Every structure is written in structure tokens, then in C-alpha cells.
Amino acid sequence: MFMLAAMIVLAATQIILRNVFQSGMPELEPLLRILVLWIGMLGAVVAAREDRHISIDVFSRSLSPRNKCMVRVVLDLFVTLIAGLIAYHTARFVAFEYEAATMAFARVPSWMAQSILPFAFGVIALRYLHFTFCNIIALMNKGYDRKC
Amino acid sequence: MLIALALIILALLGAPLFAIIAASAMWGFTQAEIDLSVLGIEIYRVAEMPVLLAIPLFTFAGYLLGESNAPKRLVQLTDALLGWMPGGLAIVSLTACAFFTAFTGASGITIIALGALLYPALKQAGYPDNFNLGLVTTSGSLGLLFAPSLPLILYGVIAQQLNLPRQISIDELFIAGIMPGLLMLLLLSAYSLWVGRESAKPISAFSWHNLAKALRDTAWELPMPFIILGGIYGGYFAVSEAAAVTALYVLIVEVFIYEEIKLKELPKIMRDSMVLVGAILIILGVSLASTNYLIDADVPTQIFDTIKEYVSSKLTFLILLNIFLLVIGTMLDVFSALVIITPLLLPVAMAYGIDPVHLGIIFLANMQIGYFTPPVGMNLFIASYRFNKPVMQIYMATLPFFFILLAAVLIITYWPALSLTLLGQ
């Protein structure tokens, strides 16, 4: 699904190319902009899965494996909480938009384009919840080096 | 205050920055009694900026180039052009790296893709080992100031969100970056010539035959910079269109013409590049929310009023700015630094009479050094890992380069005309 989205963008770029030479379709521009958001959010979901979100890793480098694991539990809980909150509030936002029935472009309603936000942040929250448990288990088993 | 402190500690411990920024935005909105569903509106603004299309497309193109043999061909070509000069190889390395970084964004790819080719070659040409390590590590972030580098685009995007009294365009940034970028390249080349004045022999005699071969090998890639840069600088297409053309062109050339990347490898490359895009865009999204709050709450003005009590002259401000940015650059990568710092810094700097385009160039020039400033610059660790050398040795090796580029940064900072003359200001 994720790769598909990337390919759609590339397919769409072909159409941009055609636009350069002839007049194009006006719906394409908003579609592309929304695709950027979708690709970005899905990329963020994968970044969460691979634990590759941008962070400052200056001090964590010098921690012992055990302390690192304990810090991770706190951090992961924090991210779970924040991402969960964002998912909840963006879901409310999508619900408002659903009632307002605004159109993003052509016949695509805005709420559909926006639905990626609660979805992605929801999945990210679940991912970090998983990391939290994983690190707690690692702490209990003293298996700090194990990758979650 | 307590919340701010807690967030800073969490960030330093290594919490993902998007969560930190989102938390501070949510806290701000709650204090101002604004319904948090506004988060949806703010993050959705990522889908309302046409220029952002450039980010996934350029990133993908950069990853494709990195996976193909393009780095090798690039070295061959610069070698054929410059290899006859004494000390030519060092200049080859610097030029090739700057070029490659401009197209791939400074994410350490340059060290991994080009460093592996250049490091042994430099050694063979008789340069001292530490010089080679330093050069390759430093080159990993060289080229940040040249179009179409992603950090330049991102700075422009953020500046456009701020409703400044003077709107800046990304094209202006691209033009402003040329001279300062060349200055860095020039200073480093001069140093390399001086180091290699006795030991380094020319690697090859100049031969039309070699040049012709290198040109033939790169026949398909060679037009690319001309199309992109010519197109953007000449005003034929917008940045996002240039990105679309680049992505498509690189895809066709590397996959179907050179056949160096197999179709079945494509999904993995797409996925890898989109992970980076996701990590950048999620930070940009949540920081749109926090920025909006900061501006509503008039935070930049307050910061300006506070600083004004202690710092009266533009010069002192610039000195402090350099120190501040260098420290930030060692801790944050350029993308997060841009989205976090720019919205606060830009209004303050403009109040001190600094041109927003010039500030962008100062910002990125400092960040470029931050990449390899001891003790924590990211590229130091990438190089240490890639060349299997102790980090301490890399520190020592990059030190001369650090001071040279620091001199360049000071010139760039205190001589605005260097960045702005080409803009005709």
C-alpha cells in the first residue's frame, strides 16, 4: 500500500510532464499535494516501525544497556501518549469535516483525504506501545541487547 | 516552565522530536484554551503547500543515484577533468562530494557512497591518512548550499509560512547559496593543494581519450544538472516540477538505460527513501502547529525584547548567532533544526536588520559544520563506522577542515554581499 502510493506519485509526475507540454487537468494539483501528505504519514509509520524517527542521540550513547532500556520505557510511553492524543484529536477533526461535507477536489470529500492523520498517528501510538512492553519484558528478563 | 524543562530533558534523552514538538504545541493550545482538534487543521497544512512535492521526489532521486554506479562515474569524470593537476585528486573529491550532496541532501549518503571510492584513491595518491579521513568526513556535508539541496528548500518553505514583511522565494535561496558554497569549496581546495604540495603526485596525465570516455559514460547523467539548474535558475519551471522531472529522469536512466538498478530493487529503494521523507514531514507537520501557536503568543517578539536588553548591535547578535547555531548543529540534524529554530529565529534576526535570505545561508553554513563538530557531529560517527577508525582519530583528522570552514562561515556571516550580490540587492 505504501509503495503503491509512492508509485502513484511517480505516475502522477508523468502527467505533470504532459502538463508542461499541453494543458492539464486541474484536479491533479490537489491530488498530488494530498499524496505528499499520505506518503509522508505512511513513511512516518514505517519510520516508527524501524525506530528511525529523528531524535537527539547525544546522551543515550553513553548509557549502559540497562539504563538505556529503562529510559526507553519512559520515552516510548511518552510517544504512545502523545501520538495517541494526536490520533484522537485529528479523528475529531475528521469527524467535523465529515459533517461539514467539504470537498478536497473533484468528488473526493476532505474528510477522506484527512483520514490518514488519525490512522497514521494511531498506528504510531500502537507501535510505541509495543516498544514499551517489549522494553519492559527485556528489563524483566535482563535481555537488554535484544532488539524490540 | 516545568513542562518545558521536562520536554527538553526527554528530547535530550532521545525521544523522537516530532513527539516533543507535538507535546509543546498541545500544551500551548491547552493553555490558550484552543480546542485541540486544531492539530488536524495544522498538520493538514502539509497537504496545502505545493512546493513540498519536491521533498519526496528529490529524496527518491537521491536514493536512486546513491544505489547506482553514478558516484563512480562522477568520480571518473571529475578525475578526467581535474586529475592532471598536482593535488588534483583532493579537488576531485571535494567537487564530486559537493555535487553529490547537493542532489542527495546531507544525510550521510555521500560519505557512504563516495567516501568508499575516494578514501583508498587518496591514499594511493600519497596523501597523509588523517588528511584523507578528514577530507572525506568533511565532504559529507559539503554542497548543502547548492541547489537543489533539500535543506535550502525546507528553509524557504518555513520562511514562507511566517507572514514576514518580506517574502522570500526558494529560487532566491538557490541563487544566494552559489557564492558562499563556492567559497567553501575554494578554501578547502587551497588547503588540499598546500597539503599535497610535495607528497601528492598528479594521478593521471590529462588525456582527451580519458575525458571522452568519461563523458561518454556519463552521457545520460550529464544533462541532468543542466536541465534542473538551468530550468530553475532560468525560471522555466518551479522547484516541485524540477523535482518531478529529476525523479522521472533518474528513474528512467538508472533503471532502463544503464540497467544498474533492477526493477525488483525499486520497492526497497522507494521504501527507504520514504522513511526519511516521513521522518521529515511528520516533524514539519507538528511544527506547523507549534509555530502557529508561538506566533499567536508573540513569542518571537518576546525573545527579541529580552535579547535586545543585552545585545544592542547587529554584530554581537551575529556572533552569538554563530555560536548558538554551531552548538545546535552538533545536536540536531539539519532538518529538525530548520523546523524548530527558524520560526523563532527568523523574526528576531529580521528585527536586527538581517536579510531573511542571508540568514538562511548563515543557518545552513553553520549546520554544515555542525555535522562534523566534535564531540557529537553525526558525520563523525558515520565516518568512524564506515572506515573502521576510532572516533578520536576522526576528531583529530577533521580539525583543520573544521577551522577552514569556520573561517568560511565567518566570512559568509559578516559579509552579506557574498550571498546577496547575485540577487542584485
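For the reader, a short list of remarks on this structure follows.
- Karplus-derived 3J(HN,Hα), 6.51/-1.76/1.60, for each residue of segment B:169-184, Hz, glycine and proline x: 10, 5, 4, 4, 4, 4, 6, 5, x, 4, 5, x, x, 5, 4, 4
- Sequence-separation-based contact order of segment B:1-140, relative, with Cα cut under 8 Å and 6+ spacing, percent: 17
- 10 Å Cβ neighbours from other chains, averaged over peptide B:44-57: 6
- Three-way shape label, chain B, alpha-carbon gyration tensor, a/c 1.5: prolate
- Close Lys pairs in the protein assembly as shown (alpha-carbon distance under 15 Å; sequence gap of 8 or more, or different chains): 5.
- Cα gyration tensor shape for segment B:235-341, rounded if a/c is under 1.5, else prolate or oblate: prolate
- Take each residue in B:282-292, count the other chain C-beta atoms within 10 Å of its C-beta, and the mean is 3.
- Rg over Rh for segment B:158-307 works out to 1.08, both radii taken from alpha-carbon positions and Rh defined as the Kirkwood radius.
- Ranked by the mean number of other Cβ atoms within 10 Å of their residues, highest first, the peptides B:243-252, B:358-367, B:285-294, B:123-132 come out as B:358-367, B:285-294, B:243-252, B:123-132.
- FRET E, pair B:ILE9, B:PHE403, Förster distance 45 Å, beta-carbon r, rounded to 0.05: 0.85
- Shielding score for A:121-128, defined as the mean number of other chain Cβ atoms within 10 Å: 2
- C-alpha long axis of helix B:2-13 to longest principal axis of chain B, angle in °: 20
- Vicinal HN-Hα couplings computed from phi for segment B:395-410 (Karplus, 6.51 cos²θ - 1.76 cosθ + 1.60; Hz; Gly/Pro x): 3, 4, 5, 8, 3, x, 5, 4, 5, 5, 6, 4, 4, 4, 4, 5
- Selection among B:ASN388, B:THR95, B:TYR233 by position relative to the dipole of the protein assembly as shown gives B:ASN388 as farthest towards the positive end (Cβ unit charges, Cα centre).
- Highest-first packing order for the peptide set B:403-410, A:78-85, B:148-155, B:215-222 is B:148-155, A:78-85, B:403-410, B:215-222, based on the mean count of other beta carbon atoms within 10 Å.
- The dipole here belongs to chain B: it is taken about the Cα centre, uses +1 on the Cβ of Lys and Arg and -1 on the Cβ of Asp and Glu, and is about 1180 debye.
- Basic side chains Lys and Arg get +1 at the Cβ, acidic Asp and Glu get -1 at the Cβ, and with that the dipole of the protein assembly as shown about its Cα centre reaches some 1460 debye.
- Placing unit charges on each Cβ (+1 for Lys and Arg, -1 for Asp and Glu) gives the protein assembly as shown a dipole about its Cα centre, and among B:ASN132, A:PRO30, B:PRO148 the Cα reaching farthest toward its positive end belongs to B:ASN132.
- Nearest-ten-degree value, helix B:314-331 long axis tilted from longest Cα axis of chain B: 70
- Dipole axis of the protein assembly as shown (+1 Lys, Arg; -1 Asp, Glu on Cβ), positive-most option in B:GLN31, B:ILE280, B:LEU420: B:ILE280
- C-alpha long axis of helix B:129-139 to longest principal axis of chain B, angle in °: 50
- Average Cα contact separation per residue, chain B, under 8 Å, 6 or more apart, as relative contact order %: 25
- Couplings for segment B:253-265, taken from phi via the Karplus curve 6.51 cos²θ - 1.76 cosθ + 1.60 with θ = phi - 60°, read 5, 6, 8, 9, 8, 7, 6, 8, 10, 7, 3, 6, 7 Hz in order; Gly and Pro are left as x.
- For the protein assembly as shown, the square roots a ≥ b ≥ c of the C-alpha gyration tensor eigenvalues yield an a/c under 1.5, which makes the shape rounded.
None of the figures in this text is laboratory data; all of them are computed from the coordinates on show. Since the structure is predicted, the reported quantities are computational estimates derived from the model, not experimental observations. All Cβ positions, glycine included, derive from the backbone under ideal geometry; neighbour counts span all protein chains shown.
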